[in-house]
Amino acid sequence: MKAVNKSFSNMLSSFLLVYLPRTRGFSKNTISSYRDTFVLLLQFMSDTKRKKPEKISFEDFTVSYIDAFLRWLETERGCSVSTGNNRLAAIKSFFRYVQSEAPEWMDTTVAILAMSAKRTAQTEIAYLSVEGIKVLLDSANTEGIRDLALLSLIYDSGARVQEIADLVVGDVRIDKPSTVKLTGKGRKTRIVPLTVQVADILSSYIGTLKRAEYGESLFKNWRGEPIGRAGIAYILKKHSSSAHKTSPDTVPDKVTPHMLRHSKAMHLLENGVNLIYIRDFLGHNTVVTTEVYAKANPEMKRKAIEASSEKILRGSNYSTSEKEDLMQWLRESI
């Protein structure tokens, strides 16, 4: 029986070409991100160890060396802490795979899997108000039905930009209850409800398509090709710039597709939707990810503080008429 080659290069090839796409069902974009991590890691090893990639073995991997790689990303390449954490997560995913396929490297894998990610300062989540969304969609409405349908759907479904780019006509159900089927990370699908207004917009848009067959891409560019992430970003930039000129107080000068996803999550939260439902709506694996919206929402914090204050602070001893007189006195005394 032929022995299985469990060298680093062979294991990495199997991880990227077989395990991630076939076993885990990861998307091309996710696999590309994992691949880029190892391109950088091999570059770092070549510079510091003077080793060609084909000469690298599992003996070269230690906790201190991986830590040095992460520091190199920050100092030499100017990467953020969160980017370094993502690179570490990709490396740990690979060594988790190695652990199951080549248990003889158990000591190495256990040590690397025990590495902790760096803590990052909680950044403010950028999102648009309901009024800001209205201004943005009003701008899109001046350019034709496609742009309005595209941006309305991104917001209404809370979808990731790649989920929108991957949509085909058959993913949209116009009949009540109107829904859209989104395929997210790990090729997981979820059915998201659509509002009546957005369903009507999509119905009108689909009616304009030359080919509205089930498997046809829902959104295409002027060449008739499926629209990609860059195309969606371009359309959003065009309309957000126009909306910002119209209403700079409600629409910032820079709006990203993910800000529309954040906006939908915040608006659901502000309307009292349970975090568990928002988690499922957004396609998060855990509610911990969804909790960042509750932590970042100032309106939710204000309501929580007011609710607790009502239980602690005594009510006013002044009557309504006395309060009015007091306010008058304060105005006159200033």
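Specify whether the C-alpha gyration tensor of region 247-288 places it in the rounded, prolate or oblate class, a ≥ b ≥ c being the square roots of the eigenvalues: rounded for a/c under 1.5, otherwise prolate if a/b is larger than b/c and oblate if not. Show your work: numbers first, answer last.
Details: a/c = 4.11, a/b = 1.91, b/c = 2.15.
Verdict is oblate for region 247-288.
Of the GluC sites (Glu not before Pro) found in region 117-175, those that fall in a DSSP loop while having at most 15 other beta-carbon atoms within 10 Å are E124, E143.
The dipole here belongs to region 32-121: it is taken about the Cα centre, uses +1 on the Cβ of Lys and Arg and -1 on the Cβ of Asp and Glu, and is about 260 debye. Under the convention that each Lys and Arg Cβ holds +1 and each Asp and Glu Cβ holds -1, the size of the dipole of region 107-187 around its Cα centre is about 300 debye. So how far, in whole Å, is the C-alpha centre of region 237-275 from the one of region 154-171? If we compute the Cα centre of each part, the gap is 17 Å. Other residues whose C-beta falls under 9 angstrom from the C-beta of Y155 contribute a net charge of +1, scoring Lys and Arg +1 and Asp and Glu -1.
The P(r) of region 131-232 has a tail past 23 Å containing 19 percent of all C-alpha pairs.
Farthest towards the positive end of the charge dipole of region 8-113, among the residues S27, I112, F69, is the Cα of S27, using unit charges on the Cβ of Lys, Arg, Asp and Glu.
Within region 40-112, the GluC sites (Glu not before Pro) that combine a DSSP coil assignment with at most 13 other C-beta atoms in a 10 angstrom radius are E76.
Hey, fewest Cβ within 10 Å first, where do D253, D36 land in order?
By the 10 Å Cβ count, ascending, the order reads D253, D36.
Considering only Cα-Cα distances, which of the following residue pairs are longer than 21 Å: K28/K185; K134/K264; K181/K237; K185/K264? With Cα atoms farther than 21 Å apart: K181/K237.
The ranking of I232, I31 by Cβ neighbour count inside 10 Å, starting from the fewest, reads I31, I232.
Read the figures in this text as sums done on the coordinates, not as results from a lab. As the structure is a prediction and not an experimental result, all values here were calculated from the model. Every residue, glycine as well, gets a Cβ built from its backbone with ideal geometry; the counts of neighbours run over all protein chains shown.
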